[in-house]
Amino acid sequence: MNRQEVREIADLYLSRLDERLERRLAEFGATVEGRFAEFGATVGQRFAAFGATVDRRFVELDVKMERRLVELESRIESKMTAGFAAVRIEFNDRLSAQYRDLLRWFFIFSAGTIVPLTGLMIALVKL
C-alpha cells in the first residue's frame with residue numbers, strides 16, 4: 001500500500017465519520033430544540049396558571065378589603081351618629097341651663113330696677 005492509497009482510505013473514513021457526526025449533531029440539535037420548545041411551552045403554561053392564580057387572589061383580596069371597608073365605614077358612621085347625638089343632647093342641656101340662668105338674672109335685675117321706679121312713682125303720685 002502506498003501513501004496515496006492510505007490517504008484515500010483515511011479521507012474516505014474521515015468523510016464517513018464527518019457525515020455521521022453531522023447527522024448525529026443534527027439529530028441532537030433537533031432533540032435539544034424540541035426539548036427547549038417543550039420546556040418553553042411548559043414554562044408559558046405555568047406562568048399563565050400563576051398569573052391566573054395571582055389575578056384570582058387579587059380579586060378575592062379586593063372583595064375582602066371592600067367588605068371590610070364597608071363594615072368599618074358603617075361602624076364609624078354608627079359611632080359618629082351616637083357621638084353627635086350625645087354632643088347634641090349635652091349642648092341642648094347646657095343651652096337650656098344658660099337660658100334659665102339668663103332669665104333668672106333678667107328678672108332679678110328687672111325687679112331691681114322696677115321696685116325703685118315703682119316706689120318713685122308712688123312717691124311722686126302722693127305729692
For the stretch 2-13, indicate whether the set of residues that are modelled with pLDDT under 90 and not in a helix (DSSP H, G or I) is non-empty. yes
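For every residue, the table says whether it meets (1) over 38 Å from the mean Cα position of the chain (by Cα); (2) at pLDDT 90 or above; (3) of a type in the set (S, T, Y).
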{"site": "D62", "(1), (2), (3)": "no, yes, no"}
{"site": "M65", "(1), (2), (3)": "no, yes, no"}
{"site": "L72", "(1), (2), (3)": "no, yes, no"}
{"site": "I76", "(1), (2), (3)": "no, yes, no"}
{"site": "G83", "(1), (2), (3)": "no, yes, no"}
{"site": "R88", "(1), (2), (3)": "no, yes, no"}
{"site": "R104", "(1), (2), (3)": "yes, yes, no"}
{"site": "V115", "(1), (2), (3)": "yes, no, no"}
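The values are calculated or read from the model by the stated rules, or taken from the named source; none is laboratory data. Remember, it's a predicted structure, so these values are computed and weren't measured experimentally.
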